[in-house]
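Written below as structure tokens is the structure these notes are about.
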Amino acid sequence: MSSHGDHTNPGHQVHVSSTSMYLTILGALIVLTGLTVWVAFQDLGWANDIVALGIAFTKATLVVLFFMHVKYSGRIIKFVVLCAVSWLFVMLSLTYIDYGSRDIIKPAATPVDAEYQDLVDRGYAKKAKASASHGKETGH
Amino acid sequence: MANGHSTTLHHHFESYDQQRNASSLGMWFFLAQEVMFFGGLFTAYMIYRTQNGLDFAVASSHLNIPLGALNTAILIASSFTMAMAVKKSVLAQRKAIVGYLILTLILGCGFLVVKYFEYAEKFEHNTVPGSSFEFHVEPELIAQYDLSPERVVTMEKRAEIFFSLYFMMTGLHALHMVIGVGIGIWLMFPAMAGKFNMDYHNPVENFGLYWHFVDLVWIFLFPLLYLLGGNALAGG
Amino acid sequence: MSAHAESYDPNVNYLNRDWSLKSWLLTLDHKRIAWLYLISVSVFFAIGGFFAMLIRMELLTPQGDLLSPDTYNRVFTQHGVVMIFLFLIPSIPAVLGNFLVPLMVGAVDVAFPRLNLLSWYIYTVAGILVILALITGGVDTGWTFYTPLSSTYANSQVMLVAIAVFVNGFASILTGLNFLVTIHTMRAKNLTWGKLPLFIWAMYATSLINVLGTPVVAITLLMAGAERVLGLGIFDPALGGDPILFQHLFWFYSHPAVYIMILPAFGVISELIAAFSRKKIFGYTFIAASSVGIAILGFIVWAHHMFTTGMSAYAATVFSALTMLIAVPTAVKVINWTATMYQGSVSWETPMLYAVGFLGLFLIGGLTGVMLATLGLDIHVHDTYFVVAHFHYVMVGGAIMGFLGGIHYWWPKMTGRLYNGSISKVSAILVFVGFNLTFFPQFLLGYMGMPRRYHAYPEEFQALNVFSTAGATVLGLGYILPAFYLTYSLFKGEKAPANPWGAMSIEWQTPSPPPLHNFVTPPVITEPYDYEHELIKEQIAELKKHVKPQEVPLG
Ligand SMILES: [Cu+2]
């Protein structure tokens, strides 16, 4: 039992990054923070969210790859990072397919629908269509 | 095996290599767990945000963007000093490790102080969810978007959901910061005793990974919570 | 082993080297932590079983005469919470997994022994919180904690139990994290991934779910709890919040949690079937890959619990189809196990009885699962006893059969003692028969329309309910017997040899019970389940010289 496990592991050679590289990343992150604040006040319509998230992903990637050394880590650690990100993606996207598709197929009208309509009329429930129109309003 | 510092090698490991591998892999699995922990909140945020875009934008405009941006910068700077502390621990430069750790902790506390002022402001304006929650849509907005009185009522209710998410997300994030500061203080002792070197620096490295992770969460929280009101309200 | 060289005394093992209470409560030895867990999960199994008994007593008659409706709600909730969170989820991983993962990979201990002990303490705190909630009135939301019932309306001890489940989650996260790192970094030289026992593959898959799924239920309960206590409104329909979102997040964990319960049982069954068929397991790669496949697929099917909630019909169709996909890797396993037994020299020892019982019960549980995944049928039988019967076939018929089979199989290794073969066989048969008597009638009841979670029911359902309660009595007897004969064997049982079953994986190469650091000499690594290997032929020949109590013929 002198040698162990996965030989592609990161530790065998400890990576030391140069201070100037860390400074470069620091600079890039600060610039991107400024950029995301500035761009939030530009009217890009629906693209505002995309740009904001794109900048956030870029910043996150820089932190993960360089500050957290994943660029220099072994396969297994890259695998764990991939696992975490993809599991999160699964949770977000599969939850969204429910909410995103509620209007695509409507079940046949039932007495419950009539009751629900009554609640809507009396102001206790929101109209099913209301959500879609909010989305459009944001894009002004 | 380097027998010189065998006290830092736990008995069930064969070598420092194995100990370091296990330690950093364990930390990464822990962070994967953290991703999913915050992921639940991000999922809730995504669903409500896609359903109530304008409501969230209006509520978001009550957050303080300059303070949020300042905190982003503080956290990024602390990530830099943290990365330097890890680097110095590999190089076994005792004084530099301690120095960078202290800088990191000062920046971390700075973040928490700013956060405190932000929270205090929310309490002052009653935008803290609960029985005393109060939120009013500005008349200009009502005119601008031609909102019916019922629409204004639902908007004020959705604002409470937004602030609930805001306090859950930033609160848990701040709690992680507080824990991080605690771990950082605890790490000062072995750092000052000069325990860290090329073979044994996992505690600093893992603390660094944790700190960077907390930074990562904020990198997403800042645009999602603070910035999405900017355009909707300035552009109209 | 050179690093841990110490003089080896064959009379000293991990159990008898120190019996002080301190040496147990502060132990960092994975084998002792397995014992701590075994004792605690047994206690909670008894508590959960007590509530099951109350439920069956109440349902003996159509009138709700034994318990008030409100008490009945609390009883079935406590049954669910205790059995799922405090028994099923930790049972195989934290007991057998803790004992076996380091042994099977040829390591001295798990990667993080202190976190391992911490995990048991966290579990204990969660257990105490649940007991505290029990004493102070219990909880009545069902183990699912659906909002707005849990966040707004319930008057019971929701917070105590929710905190317990939250806390307990970190116990299983730590166990999972420990196993993942141990399997990755602590394997003996030459023990490559392709040579790992299938139990290890199953534990790896389970641990992935533990680490990636459990935090989601933690944050979900935290949100519901913040809503209840602090008045935050995240799922509150009055504000436009969506209780269905709570269900999405809850089931994102709780469906995979079914695999936290059943995957380890799959691992145990793979070991048992190979060992008692004395044959190389058929389709090693397929069984190993299907474990990981199930862990991954298990995460993309959760909304099959929500077909009738008013979720999108389109999404329901997608989730229905995805759920059926799970049948593929599961069938791969069942087919390969059957193929392994085919033309093997099968010996009907007690663990093998459990394994075969498992196959029968799990088959029924799995196939009714496919039925329930079918959108149309699910809407017909949702929230009926059909669903109750289905998940008991999977979780009791599957997971507990696997747990008991595993305990009977590794008992000689854990204790160094053999138990009585005849009684244990009788008890295995009682469990199998009692289980079917209890739960098969519930399929019929559910199909006829008897809803779950009601304490009274129409008279025409009584006959089948009486059957079910009678069966539960037999089942209960089958569960109580092992507690007696296994405890008896601890003191009076015959001494066990290192490899009493003639099995192949490397934990059988060390003495029973193992020494403190697991192996005296580095274990010999072979191809997995290579029953043609010289090493094992000698051992089997040696075994045949002795007549073991296990070989007393049945009946
Ligand atoms: Cu399910």
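Each value in this text was obtained by applying a stated rule to the coordinates, not by laboratory testing. Because the structure is predicted, anything quoted here is derived from the model rather than measured. Reconstructed Cβ throughout: ideal geometry from the backbone, glycine too, with neighbour counts over all protein chains shown.
Worth pointing out:
- Cβ-based charge dipole, chain C, positive-most Cα from C:LEU516, C:TYR454, C:GLY365: C:LEU516
- Spacing of the modelled spin labels on C:SER68 and C:THR487, each 7 Å from Cα toward Cβ, amounts to 3.5 nm.
- At full extension, C:THR473 and C:VAL370 could sit 34.1 nm farther apart than now, given 0.36 nm per residue minus the alpha carbon distance.
- Kirkwood Rh and Cα Rg combined as Rg/Rh, the protein assembly as shown: 0.98
- Summed residue charge, Cβ within 13 Å of B:THR104's Cβ, Lys/Arg positive, Asp/Glu negative: +1
- Length available on full extension from A:ASP43 to A:THR58: 0.36 nm per residue minus the Cα-Cα distance, which gives 3.3 nm.
- Here's the picture: charge each Lys and Arg Cβ at +1 and each Asp and Glu Cβ at -1 in chain C, and of C:MET395, C:LEU26, C:ASN16 the one pushed furthest to the positive end of that dipole is C:ASN16.
- Here the sum of -39500 (n - 2.57) over DSSP H runs of 4 or more residues, divided by the residues of chain C, equals -21000 deg cm²/dmol at 222 nm, to the nearest 500.
- Site-free segments of chain C were taken between GluC sites (Glu not before Pro) in DSSP loops having at most 12 other Cβ atoms within 10 Å, sites themselves excluded; the longest one is C:7-531.
- Between A:VAL90 and C:ALA463, the distance separating the two model label sites (each 7 Å from Cα on the Cα→Cβ line) works out to 4.6 nm.
- Averaged over peptide C:30-41, the number of partner chain Cβ atoms lying within 10 Å of each residue's Cβ comes to 0.
- Max mean-square fluctuation residue, GNM over chain B, Cα-Cα springs under 10 Å, options B:PRO66, B:PRO203, B:PRO129: B:PRO66
- Rough spin-label spacing in nm, given labels placed 7 Å along Cα→Cβ, for C:TYR447 and C:GLU532: 4.7 nm
- Note: relative contact order over chain B, using C-alpha pairs below 8 Å and six or more positions apart, is 36 percent.
- Normalised convex hull volume, region B:18-73, alpha-carbon set, Å³ per residue: 94 Å³
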